[in-house]
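I have placed the structure first, in the form of C-alpha cells, so that the comments after it can refer back to it.
What follows draws every value from the coordinates through simple rules; no lab data is involved. Values in this document were obtained by computation on a predicted structure and should not be read as measured data. Here the Cβ positions follow ideal geometry from the backbone for every residue, glycine too, while neighbour counts run over all protein chains shown.
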Amino acid sequence: MSERTVEVPLGPNAYSVRIAPGLIEQVGEFVGALGDVSRLAVVADSNVAELYGPRLMESLAATSLPAELLIVPAGEENKTLATCGKLFDDLFALRPAMDRSSLIVTLGGGVTGDIGGFLAATCLRGVRFLQCSTTLLAAVDASTGGKTGVDHPAGKNLIGAFHQPVGVLIDPDLLESLPAAQLRSGLAECVKHAVIRSRPLLEMLETRAEDLLACRSETMSELIAANVRIKADVVVADEREASLRAILNYGHTFGHAIEVEAGYGRITHGQAVALGMVAANRVAVGRGLLGPDVACRVEEVLKRLDLATRWEPLSAESLWSRMLHDKKTRGGKVKLILPRDVGRVEIHDDLSTGEVSAALEHLCS
Ligand SMILES: NC(=O)c1ccc[n+]([C@@H]2O[C@H](COP(=O)([O-])OP(=O)(O)OC[C@H]3O[C@@H](n4cnc5c(N)ncnc54)[C@H](O)[C@@H]3O)[C@@H](O)[C@H]2O)c1
Ligand SMILES: [Zn+2]
C-alpha cells in the first residue's frame, strides 16, 4: 500500500502530512532526517502510551538521541494548564536538559496534540514538535493547522498559541483500536469538511459508510488524505483565522455549547458537532438559504455513519448564554457558518434566540 502525502505550504512553517500503514515504525527515521535535534520528549496519553508507546520508543531508539516518554492522564478534562504545569516539571527535570534544539513528539488524539503542541509553543519560547495522530479526529482535523492549547473552566481552548508542527505522521493501522464512538466522532468532522468544501467527499461518505465504520486501512488512508487536503487548503489561505478559516467552525457554534451542556464524557466532540451541523442547517433552511432536501441529505449521511441527529431536550437559554460567551462571539453577535449547498457555506453573525429555540426543537423532534 502506498504512502499518501499532503503538503501544507506555509512558507517557512511548511510541513508534510504523511499517511501510511506502519508509519509508527518510521518515526525515528523521520526525526533522524530533521537534523540538529538534541533530545526528544514524547507526550502521550495514558491509553495510547500503553497501546503504542513501546513501538514508538523503539523506533526513536534508532536515532540514539536521549528520549523519554511523558504520560498524561487521558481525557478532555485533563486538557488544562495544571496538566501542562506538571508536564513542565517533568520536562525540566530531564537530563540532558531540554534546549532550543529539543523536539517534542506527540502521540495520541486531539487532546494530546493540543497539549503537546502548546508545550512546544511555550517551552523555552518555542521548540519544534512532531505530531503522531492516533484518532481519526486528530488525523483529519486537529493534527494540521497549528492550533495548540488547553481548556479553562470558562471555556474550551481559551488558552493557546498558533504553533505549526514540523510534520504530521499518521499510521491508519493504529485507528483499529479506537473505540467505535471515537471513530464516529472523527467521521463527523469529515462530514463537516465535505459540506463546507467537497461534494466528492460527501459522496464517499455516503457510498462507503460501511467500509469506513469497519475502519479498513486503505479506505481510512484515502479518507484522511482527502480531509487533510481540505483542511490544509483552508489553513494555507488563512493561517490565523482572520476570515476563511472560520468556515471550519461549521457545526461548532451549536456543537461546543451542546458539548458542554451535555457534559464532557457523555458526548464526544464529533457527536456534538454532528448535532451542531443539524442545528445550523435548520437555521439555514429557516432563512431560505438552504434547500430542505440538502439538509435531509446531510442528516442521512450522519445517520449512515451511526451518528445521532436528534438529542434529548436541552435548554435554549443555557445554550444561548454559552454561545454568547464563546470566544468567537464579538459584541454580542453570535457567529454561525451556514451552508447554501454542499461545498458552499457562508459566515453570518446575526443568530437570534428565536432561531436557537427553533433549532433545538428540531433536534428533539
Ligand atoms: N488543534 C486543532 O485544530 C483541533 C481541531 C479539532 C479538535 N481539537 C481538539 O481535539 C480534542 C479532541 O480530540 P480527540 O477526539 O482525538 O480526543 P482524545 O485525544 O481525547 O482521544 C479520544 C480517546 O481515544 C483514546 N485513543 C486515542 N488514540 C487511540 C487509539 N489509536 N486506540 C485506542 N484509543 C485511542 C484516547 O486515549 C482518548 O481516550 C478536543 O480537545 C478538541 O478541542 C483540536
Ligand atoms: Zn471539531
Subject >> Separation between Cα centres of the range 147-219 and the range 1-69, rounded to whole Å >> reply: 19
Original post:
Which residues' amide hydrogens lie under 5 Å from the amide hydrogen of Arg128, considering only partners 5 or more residues apart or on another chain, with H built in the peptide plane?
Top reply: Ile104
Original post:
Where does helix 81-93 land angle-wise versus the long Cα axis of the chain, in degrees 0 to 90, nearest 10?
Top reply: 10
Original post:
Which whole-Hz ³J(HN,Hα) couplings does the range 70-77 yield from phi under the Karplus relation 6.51 cos²θ - 1.76 cosθ + 1.60, θ = phi - 60°, glycine and proline marked x?
Top reply: 9, 10, 10, x, 5, x, 4, 5
Original post:
Which value in deg cm²/dmol, rounded to the nearest 500, describes the helix-derived mean residue ellipticity at 222 nm for the chain, given -39,500 (n - 2.57) per DSSP H run of n ≥ 4 and division by the residue count?
Top reply: -14000 deg cm²/dmol
Original post:
Which ³J(HN,Hα) values, rounded to whole Hz and listed in residue order, are derived for the range 335-345 from phi using the Karplus coefficients 6.51, -1.76 and 1.60 in 6.51 cos²θ - 1.76 cosθ + 1.60 with θ = phi - 60°, glycine and proline given as x?
Top reply: 7, 9, 9, 10, x, 9, 6, 5, x, 9, 10
Subject >> Ellipsoid semi-axes in whole angstrom, largest first, where each is sqrt(5λ) of the Cα gyration tensor of the range 239-355 >> reply: 19, 19, 14
**OP:** Take the chain, connect every pair of alpha-carbon atoms lying under 10 Å apart with a spring to form a Gaussian network, then pick out the residue of Ala62, Ala272, Ala20 with the largest mean-square fluctuation.
**Re:** Ala62
**OP:** Provide the per-residue ³J(HN,Hα) series for the range 34-48, in order, calculated from phi with Karplus coefficients 6.51, -1.76, 1.60 and θ = phi - 60°, each as a whole number of Hz, with x at glycine and proline positions.
**Re:** 5, x, 6, 10, 8, 7, 10, 10, 9, 10, 9, 7, 4, 5, 6
**OP:** Using amide H atoms built 1.01 Å from N in the peptide plane, name the residues 5+ places from Val345, or on other chains, whose amide H lies under 5 Å from its own.
**Re:** Arg340
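Of the trypsin sites (Lys or Arg not before Pro) in the range 199-279, which ones lie in a loop per DSSP and count no more than 14 other C-beta atoms within 10 Å?
Here the sparse-neighbourhood loop sites are Arg240, Arg266.
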Subject >> Loop trypsin sites (Lys or Arg not before Pro), the range 68-107 (other Cβ atoms within 10 Å of the site Cβ: 15 or fewer; DSSP) >> reply: Arg100
**OP:** May I ask you to compute the full-extension gain from Arg208 to Ser46, defined as 0.36 nm times their residue separation minus their alpha-carbon distance, rounded to one decimal in nm?
**Re:** 55.1 nm
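Can you tell me the equivalent ellipsoid semi-axes for the chain? Use √(5λ) from the Cα gyration tensor, largest first, whole Å.
On the way: eigenvalues 239, 97, 63 Å².
Semi-axes, largest first: 35, 22, 18 Å.
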Original post:
Working out 0.36 nm times the residue gap between Leu158 and Asp90, then minus their Cα-Cα distance, what length gain in nm do you get to one decimal?
Top reply: 22.1 nm
Original post:
In terms of modelled amide H atoms, which long-range or inter-chain residues lie less than 5 Å from the amide H of Val72?
Top reply: Ala44, Asp45, Ser46
**OP:** Considering only lysines 8 or more places apart in sequence, or on different chains, count the pairs in the chain whose C-alpha atoms sit under 13 Å apart.
**Re:** 7
Original post:
Top mean-square fluctuation among Leu302, Leu158, Leu40, Gaussian network model of the chain, C-alpha springs under 10 Å?
Top reply: Leu158
